[in-house]
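The values are calculated or read from the model by the stated rules, or taken from the named source; none is laboratory data. Given the structure is predicted, the values throughout are model-derived calculations rather than measurements. With ideal geometry, Cβ positions are generated from the backbone for all residues, glycine too; neighbour counts draw on all protein chains shown. The protein model used for the area step is the full one, side chains on, heavy atoms only, and it has no ligands, DNA or RNA in it. Shrake-Rupley method; radii C 1.70, N 1.55, O 1.52, S 1.80 Å.
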Amino acid sequence: MRTTEPFVPIPEDVIPQMLSLASLKPNERLVDLGSGDGRIVIAAAKLFGVSAVGVDVRGALVKACRRRVREMGLSGRVKVLRRNFRDVSLRKADVLALYLSSYTLGLLAPKFTRELRRGSRVVTFDFPIFGWRSAREVSFTPKGWKKAHPIYLYLV
Ligand SMILES: C[S@@+](CC[C@H](N)C(=O)[O-])C[C@H]1O[C@@H](n2cnc3c(N)ncnc32)[C@H](O)[C@@H]1O
């Protein structure tokens with residue numbers, strides 16, 4: 001899979017909304033495919049106490065994220081892999097928190113179906129997974145944005 005996604009950081013205030021919608025619990029493992037500067041994995045570890053794994057192909061982002069994780073004392077809980085997300089196993093993930101286009105979500109959907117365990121959840125901001133039926137959808141207006149945008153929850 002080519003790198004189809006630019007780095008567009010998710011608004012920080014969306015993250016707790018997403019993670020609450022996914023009913024993230026402290027003993028769970030969260031994965032962000034295309035983790036960018038790591039804001040989702042860092043917030044998940046800090047606010048929800050979970051283990052979190054971020055995956056990104058862009059070396060500079062991975063490096064900056066690892067530095068931030070170290071500075072925040074979260075190295076025990078947050079790992080960041082410099083990899084193509086196509087090549088990362090999702091078998092141990094409880095929750096995927098994703099900010100990716102519907103095009104990329106569509107390319108990854110068969111992998112989700114193959115690898116995610118029963119009971120795991122996928123939560124996406126702004127872009128749905130076409131062909132999947134969401135269990136819940138909420139709207140949220142990030143600070144500084146003009147209108148509400150959807151957050152989708154999918155149950156596996
Ligand atoms: C829209 S940004 C989201 C960043 C972060 N998850 C957030 O919400 O702030 C998408 C990210 O996916 C990464 N990406 C794109 N294609 C990728 C691939 N094939 N494997 C791993 N990461 C990829 C980009 O480098 C970018 O950081």
Item to complete: Quickly run through segment 83-111 and pick out the residues that are in contact (Cβ under 8 Å) with a residue 60 or more places away in the chain, assigned to a helix (DSSP H, G or I) and open to solvent by 40 Å² or more (accessible area, probe 1.4 Å).
Response: ARG86, TYR103, LEU107
Item to complete: Identify, by number, the condition in (1) within 15 Å of the ligand (Cβ to nearest atom); (2) over 23 Å from VAL156 (Cα atoms) that LYS111 doesn't meet.
Response: (2)
Worksheet, complete the sentence: Screening LEU24, LEU19 for residues that are open to solvent by less than 50 Å² (accessible area, probe 1.4 Å), in a loop (DSSP other than H, G, I, E, B), more than 6 Å from the ligand (Cβ to nearest atom) and of a type in the set (A, V, I, L, M) leaves only LEU24
Practice prompt. Taking the options VAL80, VAL69, name whichever one is of a type in the set (A, V, I, L, M), touching a Lys or Arg at 6+ places or on another chain (Cβ under 7 Å) and over 18 Å from ILE151 (Cβ atoms).
Written response: VAL80
Discussion item. Show the residue pairs meeting these rules: Cβ distance below 6 Å; 6+ apart or different chains; first residue within segment 1-15 and over 17 Å from VAL57 (Cα atoms) and open to solvent by 30 Å² or more (accessible area, probe 1.4 Å); second residue assigned to a loop (DSSP other than H, G, I, E, B) and at pLDDT 95 or above.
Written reply: ASP13/PRO142; ASP13/LYS143
Discussion item. Looking at segment 133-151, can you tell me whether even one residue there is part of a helix (DSSP H, G or I) and buried (at least 21 other Cβ atoms within 10 Å of the Cβ)?
Written reply: no
